[in-house]
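Everything below concerns the one structure shown next.
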């Protein structure tokens, strides 16, 4: 299902935030041309998050760059840069995640690109915005988690600040910039304007109308992760600026009362969400919990309640407790790892995994786009491209057969 079939995206970004946004646009049917540095390509090709490599490249690169085309070009080389500019002239979307100032020195900033292609939707991701003392700091996921307050929300009170175990800031920033891009594409469509080749005749045709539409989308990683914390941060701002206090055990959300958290049992772990504490005590046959009839105590005496609960839950297995609690409508779940998750029918029916194949025949198992439209999943397309795999194709389609002296790539 190619919902964005006539949209051409030129992606100048690297690693996770920008490429994750471009991936979602590709999942929705857009054509994504990934511009990469000759010889090394996107740093994500070699920046491993595990010791698993596929075709000599990182698993994360293959996961986040499926469905895309790779065009190798040295943006510091005038002839290569001119080729990229000609591709951009026919694009609907341009996106990057360079540090502030870098894109301007290359002559690919929004104002310059808009002069060439007035209908362009231009998107940029930064670490901390383009103003202020932090603007030149590296926009790296762990570092932004660290400064944002996020690491004080997870784990138990006596544990050190704990980051999330996934690149949550990168992925959220990518999701936010994708939302902004789609909104501007919609605005442009409603206005009846087009941009680049794909506003009219598609990537293989002549340039379409160059009407003054499009716009600029700007997202910083810090703003994205602060938005992610809207619940806890709003509580902080409106509660006398009291800092969040993690519970002594069963860490979950520091602003939520007992029994919220994860508890060890005689076998396995059990997650408990918000629930009536005395009712929980009756169902578990734990008299120590039945006396907490005042809901205000569920937070004020949170650690006390959790201590009683943890001791009681350790006497039986997680599955035994689940068999008591689920039929009564208590919000609870087993704590699963990847192996045990994949064994569950509730997961299997979602058909969340796909196998994509690269041009060299490598089959990669990964996750599909989580979106369904009219009951259909958006899981088409091939695997991640080789570096510069589509140079010849794009050169022909965009009329870029110009000599590039000294580069050794064309």
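The values are calculated or read from the model by the stated rules, or taken from the named source; none is laboratory data. Predicted, not measured: the structure shown is a model, and the values here were computed from it. Virtual Cβ from ideal backbone geometry, glycine too; neighbours counted across all protein chains shown.
Laid out as a table, the results:
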| item | result |
| --- | --- |
| Checklist (1) closer than 17 Å to residue 8 by Cα; (2) modelled with pLDDT of 95 or more; (3) assigned to a helix (DSSP H, G or I) applied to residue 174, failing item | (1) |
| Selected residue [over 30 Å from the mean Cα position of the chain (by Cα) and at pLDDT 95 or above] from 222, 272, 216, 280 | 280 |
| Where a residue in the range 218-229 is assigned by TED's automatic domain parsing to the domain that holds residue 21 and its partner, wherever it lies, is surrounded by fewer than 19 Cβ atoms within 10 Å (Cβ to Cβ) and assigned to a strand (DSSP E or B), with Cβ under 8 Å and at least six apart | none |
| Tally of residues being exposed (fewer than 11 other Cβ atoms within 10 Å of the Cβ) and farther than 12 Å from residue 149 by Cα across the range 232-249 | 5 |
| Among the candidates 361, 383, residue that is assigned by TED's automatic domain parsing to the domain that holds residue 42, free of Cβ contacts under 8 Å to residues at least 60 places away in the same chain and not in a helix (DSSP H, G or I) | 361 |
| Residue among 111, 91 that is buried (at least 23 other Cβ atoms within 10 Å of the Cβ) and either free of Cβ contacts under 8 Å to residues at least 24 places away in the same chain or touching a strand residue (DSSP E or B) at 6+ places or on another chain (Cβ under 6 Å) (or both) | 91 |
| Filter result (crowded, with 22+ Cβ neighbours inside 10 Å and either assigned to a helix (DSSP H, G or I) or in the same structural domain as residue 253 (by TED's automatic domain parsing) (or both)) within the range 122-144 | 141, 144 |
| Failed item in (1) modelled with pLDDT of 95 or more; (2) more than 19 Å from residue 31 (Cα to Cα), with residue 182 passing the rest | (2) |
| Some residue of the range 287-294 being touching a residue at least 12 places away in the same chain (Cβ under 8 Å), out of contact with any strand residue (DSSP E or B) (no Cβ under 8 Å at 6 or more places or on another chain), surrounded by fewer than 14 Cβ atoms within 10 Å (Cβ to Cβ) and over 24 Å from residue 246 (Cβ atoms) | yes |
| Residue match in the range 8-22 (condition: assigned by TED's automatic domain parsing to the domain that holds residue 123, at negative phi and free of Cβ contacts under 8 Å to residues at least 40 places away in the same chain) | no |
| Residue among 260, 255, 308 that alone is surrounded by 15 or more Cβ atoms within 10 Å (Cβ to Cβ), at pLDDT below 95 and outside the structural domain of residue 139 (by TED's automatic domain parsing) | 255 |
| Lone unmet requirement of (1) assigned to a loop (DSSP other than H, G, I, E, B); (2) farther than 26 Å from residue 183 by Cβ for residue 119 | (2) |
| Test: residue in the range 335-349 that is at positive phi and either crowded, with 16+ Cβ neighbours inside 10 Å or not assigned by TED's automatic domain parsing to the domain that holds residue 22 (or both) | no |
| Top-ranked residue of the range 370-380 - restricted to ones that are modelled with pLDDT of 95 or more, in a loop (DSSP other than H, G, I, E, B) and on the phi < 0 side of the Ramachandran plot, ranked as surrounded by the most Cβ atoms within 10 Å (Cβ to Cβ) | 371 |
| Subset of the range 381-410 [over 15 Å from residue 40 (Cβ atoms), surrounded by fewer than 16 Cβ atoms within 10 Å (Cβ to Cβ), touching a strand residue (DSSP E or B) at 6+ places or on another chain (Cβ under 9 Å) and at pLDDT below 95] | 382 |
| Residue count, the range 305-346 (criterion: more than 16 Å from residue 266 (Cα to Cα) and either without any contact (Cβ under 8 Å) to a residue 12 or more places away in the chain or in a loop (DSSP other than H, G, I, E, B) (or both)) | 15 |
